[in-house]
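The values are calculated or read from the model by the stated rules, or taken from the named source; none is laboratory data. Small disclaimer: the values here were computed from a predicted structure and weren't measured. Backbone-built Cβ (ideal geometry, glycine too); neighbour counts: all protein chains shown. The protein model used for the area step is the full one, side chains on, heavy atoms only, and it has no ligands, DNA or RNA in it. Shrake-Rupley method; radii C 1.70, N 1.55, O 1.52, S 1.80 Å.
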Amino acid sequence: MEFKDNIPIYLQIEQYLYRQIAMNELKAGEKIPSVRKLALELTVNVNTVQRALQQMNDQGILYTKRGEGNFVTEDEELLKQTRQALIDDKLDEFVQNMLTLGIEKDQLVEILSNYLEGKNQND
Amino acid sequence: MTNLLKITGLNYKKNQKYILRDVNLTLDEGKIIALLGENGAGKTSLMRVIAGVAKNYSGQVELAGGKEEAFRKAHLSFTDGLSGFGDTTKIKEVVNFYESLYSDFSENEFDELRKFMKLDLDMRLNQLSRGMREKLIIALTFARKADLYLLDEPFGGIDAMARKKIINSIILWKEDKATILISDHFVNEISTLLDEVVIIKNQTVFAHKSTDEIRENHESIEEYYEGLYEDEGE
C-alpha cells in the first residue's frame, strides 16, 4: 500500500485495518496477521505497527489474546459503527467535492438520483 | 526508553579541519533512525567515530554503558566497504574471515540472510553487481548480534529490487531492542521505515526528531529535511 508521507504512518495503518474490517476482509473474531508480517507487507517499522495495534486495542476494535496475537472484536454493535464510520467518511468526501464544484446541499439528492437513473438505463 | 548511545561534546578534526563540532546525541534502544545530511556533511565520519574506527576526536561516546573503543566495537556492527579484500576473494572466504574476527558472528544467521539475498558462496567479489555487493555487506553486518547497527549509505546507486530486499531484511532481522542507524542523503526511499531522523548540518547534529512528530505537523519527512537546508542564508 502507498502511504502519504505527511500523515503519521501508524494512523494510516489503523485506517487500512479499519477498512479491511469494514469490508469484511478481516472478519469478526478473526486473527490478524502477526506484527512482523504486517510490517513486511506494508514496508514499515515493527514499532509503528505495534503502535497502531495498541491504539486499536484501546479503541476496542481489536483484542489481544496472550501469546496468540490480535483478533478482531466480535462486538456486532462496534463492527456496525466501524462500517458506518467508513461510509460517513466517504459521504463527507463526496459532499465536500460537490460543494467545491458549486453544487448546493439541497441539490445533492436530486443530482445523485438522476445520476443513478442514467446509469441504470445504460446498464 | 533506555538510552543506548550517548555522545557528549564530540569534536572531530581531520587535517586540522573540523569535521564534527560539539556534537551531542542520544539514541534509544529499539529504533530505526536515519542519519541525513548532504554529501560531505560528516555522516560517515560520525559513524566511524561511534564505531571506534576514527581516532582523533575529543568528547565522550558511550554505547550500552561502556566508553572504551573495544567495548563499543563489541556492541555494534558497522558496515564496511569490503575494502580490505582482494577482487578475487570468494564470498565464503569473506565469511570465514568475519567468523574468525567476531565472536558474535553467526554462520547460521548469515546463511539465512545469504539465501534471502540470493547470494552464492562461491562468487567472487569482482563478480558482484553493486546491488549484490551491498546485499552482501548488509548480510555480513546483520549476521552479528549487536546492540547497534550502523549502515553507511546502503542504498547508494543500487536498483529498486535490491533496495526492497535490503529494506525487507531490516524489517525481518532487526531484533526488538537493537537500534539501526542508516545514513543517506535521500530520505524518501526509507521514510516509512523510520522512527526518528538525525540531521547533520554545519558540522554538527542540527536536528533530531521523531517522524511521528514531523508528520503530526502535516509535513513530510522530505519537506522537513529540505526545509532545514532552505533556511540557509538568512
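Which value in Å does the Kirkwood hydrodynamic radius of the range B:1-63 take, with 1/r averaged over all unlike C-alpha pairs and then inverted? Don't skip to the answer; put the middle values down first.
Values: mean 1/r = 0.0816 Å⁻¹.
Over the range B:1-63, the inverse of the mean reciprocal pair distance is 12.3 Å.
Only helices at least 30 Å long along their axis, Cα-based, and averaging 1.0 or more on Kyte-Doolittle count here, so list those DSSP H runs from chain A. Write down the numbers at each step before the final one.
Numbers: long enough: A:76-100 (36 Å, -0.58).
The answer is none, since no helix passes both cut-offs.
Quickly estimate the mean residue ellipticity at 222 nm for chain B, helices only: each DSSP H run with n ≥ 4 gives -39500 (n - 2.57), and the total goes over all residues, rounded to 500.
Details: 8 runs with 81 residues, N = 234.
It lands at -10000 deg cm²/dmol.
Which three lengths, in whole Å and largest first, does chain A cover when its Cα atoms are put on their principal axes?
Reported extents, whole Å, longest axis first: 54, 33, 28.
Given Cβ point charges of +1 (Lys, Arg) and -1 (Asp, Glu) and nothing else, what value in debye, to the nearest 20, does the dipole of chain A about its Cα centre take? Each step should come with its number before you reach the end.
Values: 14 positive and 21 negative charges, 144 e Å.
The calculation lands at about 700 debye.
Give me the 1.4 Å probe accessible area per residue for the protein assembly as shown, excluding ligands and nucleic acids, in Å².
Numbers: 19090 Å² over 357 residues.
Heavy-atom accessible area per residue stands at 53 Å².
Name the shape class, rounded, prolate or oblate, that the alpha-carbon gyration tensor gives for the range A:77-122, where a ≥ b ≥ c are the square roots of its eigenvalues, rounded holds for a/c under 1.5, and otherwise prolate holds if a/b is larger than b/c and oblate otherwise. Could the numbers behind the result be given before it?
Working: a/c = 3.08, a/b = 1.51, b/c = 2.05.
Oblate.
Carbon and sulfur: what percent of the range A:8-123's accessible surface (1.4 Å probe)? All intermediate terms of the calculation are to be shown ahead of the outcome.
Values: 3700 of 7530 Å².
Carbon and sulfur: 49 percent of the exposed surface of the range A:8-123.
Two-decimal Rg/Rh of the range A:9-74 from alpha-carbon positions, Kirkwood Rh? Let's see the in-between values first.
Details: Rg = 10.7 Å, Rh = 11.6 Å.
Rg/Rh: 0.92.
In whole Å, what are the Cα extents of the range B:118-157 along the three principal axes, biggest one first?
Over the range B:118-157, Cα extents along the principal axes are 32, 23, 14 Å.
If Lys and Arg each add +1 and Asp and Glu each add -1, what is the summed charge of the other residues whose beta carbon sits under 13 Å from the beta carbon of B:I182?
Numbers: positive: B:K31, B:K43, B:R163, B:K174; negative: B:E134, B:D152, B:E153, B:D184, B:E189, B:D195, B:E196.
My count for the surroundings of B:I182 gives -3.
Just the number, please: Stokes-Einstein D of the range B:95-234 in µm²/s, Kirkwood Rh from C-alpha pairs, 20 °C, 1.002 mPa s.
Numbers: Rh = 16.8 Å.
So the translational diffusion coefficient is about 128 µm²/s.
Output the residues of the range B:171-192 meeting this criterion: accessible area (heavy atoms, 1.4 Å probe) in the chain alone minus accessible area with all protein chains in place is 10 Å² or greater.
B:I171, B:L172, B:K174, B:D176, B:S191, B:T192
Using 20 Å bins from zero, what percent of all Cα-Cα pairs in the protein assembly as shown falls into each bin?
In order of increasing distance, the bins hold 25, 49, 22, 5, 0 percent.
Across every pair of different alpha-carbon atoms, what Kirkwood hydrodynamic radius in Å does the range B:189-234 reach? The partial results should precede the final answer.
On the way: mean 1/r = 0.0895 Å⁻¹.
With all distinct Cα pairs of the range B:189-234 included, I get 11.2 Å.
Per Stokes-Einstein, at 25 °C and 0.890 mPa s, what whole-number D in µm² s⁻¹ belongs to chain B, with the Kirkwood radius over Cα pairs as the hydrodynamic radius? Display every interim value, and only then the final one.
On the way: Rh = 18.4 Å.
For these conditions, the coefficient is 133 µm²/s.
Relative to the longest principal axis of the C-alpha atoms of chain B, give the angle of the C-alpha long axis of helix B:130-142, reported between 0 and 90° and rounded to the nearest 10°.
Its long axis makes an angle of about 90 degrees.
DSSP beta bridges in the protein assembly as shown, what fraction antiparallel, as a percent rounded to 5? Don't skip to the end; give the middle numbers.
Working: 28 of 45 bridges.
If we restrict to bridges inside the protein assembly as shown, about 60 percent are antiparallel.
By how many degrees, 0 to 90 and rounded to 10, does the Cα axis of helix B:91-101 deviate from the longest principal axis of chain B?
With rounding to tens, the tilt is 70 degrees.
Treating only the Cβ atoms of Lys and Arg (+1) and Asp and Glu (-1) as charged, compute the dipole magnitude of the range B:77-187 about its Cα centre; round to the nearest 20 debye.
Magnitude of the dipole: close to 360 debye.
For the range B:42-108, with equal point scatterers placed on the C-alpha atoms only and solvent neglected, what are the log10 I(q)/I(0) values from the Debye formula at q = 0.24, 0.28 1/Å, to two decimals?
Each listed q corresponds, in turn, to -1.11, -1.26.
Over both sides of the A-B contact, add up the buried accessible area with a 1.4 Å probe and give it to the nearest 100 Å². Walk me through the intermediate numbers first.
Numbers: alone 8960 and 11770 Å², together 19090 Å².
For chain A against chain B, roughly 1600 Å² becomes buried.
On a 0 to 90 degree scale, rounded to 10, what angle separates helix B:107-117 from the longest Cα axis of chain B?
80
Using helices alone, I'd like the mean residue ellipticity at 222 nm for chain A: each DSSP H run of four-plus residues gives -39500 (n - 2.57), total over residue count, nearest 500. Show your work: numbers first, answer last.
Working: 5 runs with 76 residues, N = 123.
Taking each H run of at least 4 residues, the total per residue is -20500 deg cm²/dmol.
Pick out, in residue order, every one of the GluC sites (Glu not before Pro) in the range B:1-71 that is DSSP loop and has at most 14 other C-beta atoms within 10 Å; say none if there are none. Display every interim value, and only then the final one.
On the way: sites: B:E29, B:E38, B:E62, B:E68, B:E69; in loops: B:E29, B:E38, B:E68.
Answer in residue order: B:E38, B:E68.
Report the calculated FRET efficiency for B:Q127 and B:S106 (r = Cβ-Cβ distance, R0 = 22 Å), to the nearest 0.05. Numbers along the way, then the final one.
Values: r = 25 Å, r/R0 = 1.14.
My answer for the efficiency is 0.30.
Can you give me the convex hull volume of the Cα atoms of the range B:41-177, divided per residue and expressed in Å³? Don't skip to the end; give the middle numbers.
On the way: hull volume 16.5 nm³, N = 137.
Roughly 120 Å³ of hull volume per residue.
Can you list which of the trypsin sites (Lys or Arg not before Pro) found in the range B:29-107 are DSSP loop residues with at most 15 other C-beta atoms within 10 Å?
Passing sites in the range B:29-107 are B:K55, B:K67.
Which whole-number percent is the relative contact order of chain B (Cα, under 8 Å, 6+ apart)?
It comes to 26 percent, rounded to a whole number.
Toward the positive end of the charge dipole of chain B, about the Cα centre and with charges on Cβ (Lys, Arg +1; Asp, Glu -1), which of B:N24, B:L10, B:G81 goes farthest?
Result: B:G81, furthest along the dipole toward the positive end.
What do you get for GluC sites (Glu not before Pro) in the range A:29-123 restricted to DSSP loop and a cutoff of at most 11 other Cβ within 10 Å of the site's Cβ? Mind dumping the intermediate values first?
Values: sites: A:E30, A:E41, A:E68, A:E74, A:E76, A:E77, A:E93, A:E104, A:E110, A:E117; in loops: A:E30, A:E68, A:E74, A:E104.
Listed in order of number, the matching sites are A:E68, A:E104.
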